[in-house]
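This report concerns only the one structure given below.
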Amino acid sequence: MLYKRNPQLNKNGELIHLLSTEGLPKATLTHILDTAANFVSVSDREVKKVPLLRGKSVFNLFFENSTRTRTTFDIAATRLSADVITLDIARSSATKGESLLDTIANLSAMAADIFVVRHSESGAPYLIAQHVAPHVHVINAGDGRHAHPTQGLLDMYTIRHYKKDFTNLTVAIVGDVLHSRVARSDIHALTTLGCPEVRVVGPKTLVPSDMAQMGVRVCNTLQEGIKGADVIIMLRLQNERMTSALLPSSQEFFKSFGLTPEKLKLAKPDAA
């Protein structure tokens, strides 16, 4: 049964945690995208709030720095009328040796309903999801190199907004795929939503060896990778995650894999 294979789903196949796009059924992904579309207009209102999460407490636990992601989660939860608590990890007991699960247990005692977790270690949100009460939900805001499902879903929403349908698209993901958790989330979502061709494009040193096993086409030149593409997703170089020299220089990388107006002509005329 689905819930035995995927900790994100309950026994009825309903979403209880958002940890990864991997393993989520197409119907679930589509439902999330459809629901998101209904909330777009909230940002255009004079009072940018809806009562969906009124009375709920959302704890943002960012064990890894990210001002942009943390702020967007703050804004989203606030607009849904939740009580938002953002933990200052630099001053928390975690810096004194308190374990991750100790921190979660202490915060759960404060009547938390949702934990938004960003962590440098892959799997941390999964660990937390296994140890919270049944009424508590966990959202992965990025864990190690593993997954970033909310960013992946935002990419899917953007693609669907402009292209309407996934079943005739060729999507190229270009750049530092090796260190990108977003790339993995995009790949799982795209293949589940019916995208017939997903390409990962980058130098051999920045493309994981298991990409072909994920059902994607690996391209080691930009020209091959974006030729005839409908959608191009450009990834930044994640220098903070590189533990050794994987490139001659960022300038050389851009020369080979940087997207310019001239190179873009290789893609479809309406490429997004």
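List of remarks:
- The range 114-153 - Debye-derived log10 I(q)/I(0), Cα point model, q = 0.19 Å⁻¹: -0.48
- Calculated FRET value between ILE75 and HIS161, using beta carbons and R₀ = 25 Å, to 0.05: 0.80
- The magnitude of the dipole of the chain, with charges of +1 and -1 set on the Cβ of Lys/Arg and Asp/Glu and taken from the Cα centre, is near 300 debye.
- Dimensions of the range 135-184 along the principal axes, based on C-alpha atoms and rounded to the nearest Å, stand at 37, 31, 13, largest first.
- Computed label-point distance, nm, for sites THR86 and ALA36 using a 7 Å Cα→Cβ extension: 2.1 nm
- J(HN,Hα) series, the range 165-173, from Karplus relation 6.51 cos²θ - 1.76 cosθ + 1.60, nearest Hz, glycine and proline x: 9, 8, 6, 10, 9, 10, 10, 10, 10
- Pairwise label distance in nanometres, ASN220 with THR67, each label 7 Å out on the Cα-Cβ vector: 3.9 nm
- Charge dipole magnitude, Cβ of K and R +1, D and E -1 - the range 36-144, Cα centre, debye nearest 20: 360 debye
- Percentage of interatomic Cα-Cα distances in the chain larger than 34 Å: 23 percent
- Computed [θ] at 222 nm, helices only, for the chain once each DSSP H run of length n ≥ 4 contributes -39500 (n - 2.57): -9500 deg cm²/dmol
- Each Cα pair of the range 1-80 feeds into the Kirkwood radius, which the Stokes-Einstein equation turns, at 37 °C and 0.692 mPa s, into a diffusion coefficient of 221 µm²/s.
- Translational diffusion coefficient (Stokes-Einstein; Kirkwood radius from C-alpha pairs) of the range 1-152 at 37 °C, 0.692 mPa s, in µm²/s: 203 µm²/s
- Where N is the number of residues in the range 65-180, Cα Rg divided by 2.2 N^0.38 Å: 1.24
- Under the Karplus curve 6.51 cos²θ - 1.76 cosθ + 1.60, θ = phi - 60°, whole-Hz ³J(HN,Hα) for the range 258-272, x wherever Gly or Pro sits: x, 8, 10, x, 5, 5, 4, 5, 6, 7, 4, x, 9, 4, 10
- Shape analysis of the range 118-263 based on the Cα gyration tensor places the equivalent ellipsoid semi-axes at 27, 21, 12 Å, largest first.
- With a simple spin-label model that places each label point 7 Å from the Cα along the Cα-to-Cβ direction, the separation between GLN213 and HIS135 comes to 4.2 nm.
- Anchor LYS268: lysines whose Cα lies under 19 Å away (excluding residues fewer than 8 positions away in-chain): LYS163, LYS164, LYS227
- Each residue of the range 22-35 is assigned a 3J(HN,Hα), and the resulting list reads 5, x, 6, x, 4, 4, 5, 4, 5, 4, 4, 5, 5, 5 Hz, derived from the Karplus form 6.51 cos²θ - 1.76 cosθ + 1.60 (θ = phi - 60°), x at Gly and Pro.
All of the numbers you see were taken from the coordinates with simple rules; none came from a lab. These numbers come from a predicted model, not from an experiment. With ideal geometry, Cβ positions are generated from the backbone for all residues, glycine too; neighbour counts draw on all protein chains shown.
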